[in-house]
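The values are calculated or read from the model by the stated rules, or taken from the named source; none is laboratory data. For clarity, every value in this text was computed on a predicted model and none was experimentally measured. Because the Cβ atoms are built from the backbone with ideal geometry, glycine has one as well, and the counts that use them run over all protein chains shown. Calculation scope for accessible area: heavy atoms of the full protein, side chains included, ligands and nucleic acids excluded. Shrake-Rupley method; radii C 1.70, N 1.55, O 1.52, S 1.80 Å.
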Amino acid sequence: MSDDTRQMLLDTLERVLTDHCTAERVQAADQGGFDAALWQTLEELGYPLAGLPEQAGGIGLPLPELCALLRVCGRHCAPVPLAESAMLAAWLLADAGLELTGGVLAVAAADSKQVRITPQGSGLRLAGAVSRVAAARHASAIVLLLENGGDCQVVVLHPADYRLEVSDNLAGEARDDMHLDLTIDAGRLHAAAAGVTLEAFHARAALLRAALMTGALERALQQSLDYARERKQFGRALAAFQAIQQQLAILAAEVVAANAAVDHAAAVAETGPALDEIAVAKIRAGKAAGIACRIAHQVHGAMGFTQEYSLQHATRRLWSWRDENGTEAAWALRLGQRLARAGAAALWPLTTASGAVAD
């Protein structure tokens, strides 16, 4: 795919979301975090096929470009599950050789402690629960990655197969608990592609979440800059005060750092395992989120805390996404354990190289 085509996809998405993701539309989708009309528009334009290879009928965008699309979604606080449906569920289906079904797809992953697989007559019984499945109530199907006897398998579940316990995150996005107790034909379980593990799934999900966060960070920065230029205090624009300038400079630096970490992780993940790079990207985006939300709300003052003002669309997402797909503490623990296992002699090579040393 040419650079011009990739840029066209980004530009088109930017225009579509500018038109659709008004403050009123985003606020209206607050309970459940889904805009059906926007999703239909994105389907008509082919964006749910962005992560599928071209031979499977998709657009075939590599990970860096997928993250760039999600950055646009995050910047507009788009109330659609593009990351989960187009870049996680579709990825699992395509890699397992399964056909992509239409409509919204939710995605989940479970180990043997969460969902048990036992023989039941001529079939298999699935029993257990998976918590906080994004957009589950809006989905026509849920693509579930299961750990089964040390291997990973993929099963497509339809609404009749599960019971949902509905819940939202702080941003008003659907995060529903899925309860399973059913018997399926063994033929519905399909082997996941080589290299698709629970760890790889969670890492990819964390990278995509971090990409969304960078977009929301950019929005918080831009809104803070605009407000500081427009709002006057003591006869001067807020942006003229040195203390405000310093805080905005810190906010801008955090946005740049998070973008750089995500871009680097996506580039490395495109060619092989990038667990360390993804860990750093999620940690860095989470740290930036905390600082950015604090500064953005301080710059806006009381105005920024009102429901009528749209800053909260970005900051509530940042607060929510910071804790989803692994917190900074969880990813930092994993990274620290890896460095500790490698030993003192490997510390410098591991911290200066990208994927040079394997587990």
What are the pairs, 6+ residues apart or on separate chains, where a residue within the range 227-251 that is on the phi > 0 side of the Ramachandran plot has its Cβ under 7 Å from a residue that is among the aliphatic types (A, V, I, L, M) and part of a loop (DSSP other than H, G, I, E, B)? none
Of the residues in the range 315-324 that are in contact (Cβ under 8 Å) with a residue 60 or more places away in the chain and out of contact with any Leu (no Cβ under 8 Å at 6 or more places or on another chain), the one that is least open to solvent (accessible area, probe 1.4 Å) is T315
Looking across the range 249-294 at residues that are surrounded by fewer than 21 Cβ atoms within 10 Å (Cβ to Cβ) and not in a helix (DSSP H, G or I), the single one that is modelled with the highest pLDDT is E270
Looking at the range 1-35, which of the residues that are in contact (Cβ under 8 Å) with a residue 24 or more places away in the chain and farther than 22 Å from A314 by Cα is surrounded by the most Cβ atoms within 10 Å (Cβ to Cβ)? L9
Quick one: L225 ticks every box in (1) surrounded by fewer than 20 Cβ atoms within 10 Å (Cβ to Cβ); (2) touching a helix residue (DSSP H, G or I) at 6+ places or on another chain (Cβ under 7 Å); (3) under 21 Å from C152 (Cβ atoms) except a single one, so which number is it? (3)
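Taking L70, is it assigned to a helix (DSSP H, G or I) and either among the β-branched types (V, I, T) or modelled with pLDDT of 95 or more (or both)?
Values: assigned to a helix (DSSP H, G or I): yes; either among the β-branched types (V, I, T) or modelled with pLDDT of 95 or more (or both): yes.
Yes: the conditions hold for L70.
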Looking for something under 26 Å from Q31 (Cβ atoms), modelled with pLDDT of 95 or more and aliphatic (A, V, I, L, M) - is there at least one such residue anywhere in the range 184-195? no
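Would you check if there is a residue in the range 150-159 being touching an Asp or Glu at 6+ places or on another chain (Cβ under 7 Å) and part of a strand (DSSP E or B)?
no
Of L146, L98, which residue is surrounded by 18 or more Cβ atoms within 10 Å (Cβ to Cβ) and either in contact (Cβ under 8 Å) with a residue 40 or more places away in the chain or closer than 24 Å to T197 by Cβ (or both)? Before you say what the answer is, go through the steps one by one.
Values: L98 fails: surrounded by 18 or more Cβ atoms within 10 Å (Cβ to Cβ).
Answer to the selection: L146.
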Which one of the conditions (1) surrounded by 16 or more Cβ atoms within 10 Å (Cβ to Cβ); (2) in a helix (DSSP H, G or I) does L180 fail to meet, given that it meets all the rest? (2)
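Considering each of R75, R125 in turn, give the residue that is in contact with a helix residue (DSSP H, G or I) (Cβ under 6 Å, 6 or more places away or on another chain), of a type in the set (K, R) and either open to solvent by 20 Å² or more (accessible area, probe 1.4 Å) or modelled with pLDDT of 95 or more (or both).
Numbers: R125 fails: in contact with a helix residue (DSSP H, G or I) (Cβ under 6 Å, 6 or more places away or on another chain).
The match here is R75.
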Selection count, the range 234-244, where residues are open to solvent by 50 Å² or more (accessible area, probe 1.4 Å) and either touching a Leu at 6+ places or on another chain (Cβ under 9 Å) or outside any helix (DSSP H, G or I) (or both): 4
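Looking only at the range 48-99, count every residue that is among the charged types (D, E, K, R) and within 16 Å of L10 (Cα to Cα) and tell me the total.
Step one: filter the range 48-99 for residues among the charged types (D, E, K, R), giving 54, 65, 71, 75, 84, 95, 99.
So of that shortlist, the ones also within 16 Å of L10 (Cα to Cα) come out as 65, 71, 75.
Final tally of qualifying residues: 3.
Using the structure shown, decide if D161 is under 20 Å from L100 (Cα atoms), without any contact (Cβ under 8 Å) to a residue 60 or more places away in the chain and charged (D, E, K, R). Break it down stepwise before answering.
Working: under 20 Å from L100 (Cα atoms): yes; without any contact (Cβ under 8 Å) to a residue 60 or more places away in the chain: yes; charged (D, E, K, R): yes.
So D161 passes the test.
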When you go through (1) open to solvent by 50 Å² or more (accessible area, probe 1.4 Å); (2) among the aliphatic types (A, V, I, L, M); (3) touching a strand residue (DSSP E or B) at 6+ places or on another chain (Cβ under 9 Å) one by one for A194, which number turns out not to apply? (3)
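For the condition among the aliphatic types (A, V, I, L, M), in contact (Cβ under 8 Å) with a residue 40 or more places away in the chain and open to solvent by 10 Å² or more (accessible area, probe 1.4 Å), what is the one hit in A68, A90, A50?
Working: A90 fails: open to solvent by 10 Å² or more (accessible area, probe 1.4 Å); A50 fails: open to solvent by 10 Å² or more (accessible area, probe 1.4 Å).
Just one listed residue meets the conditions, A68.
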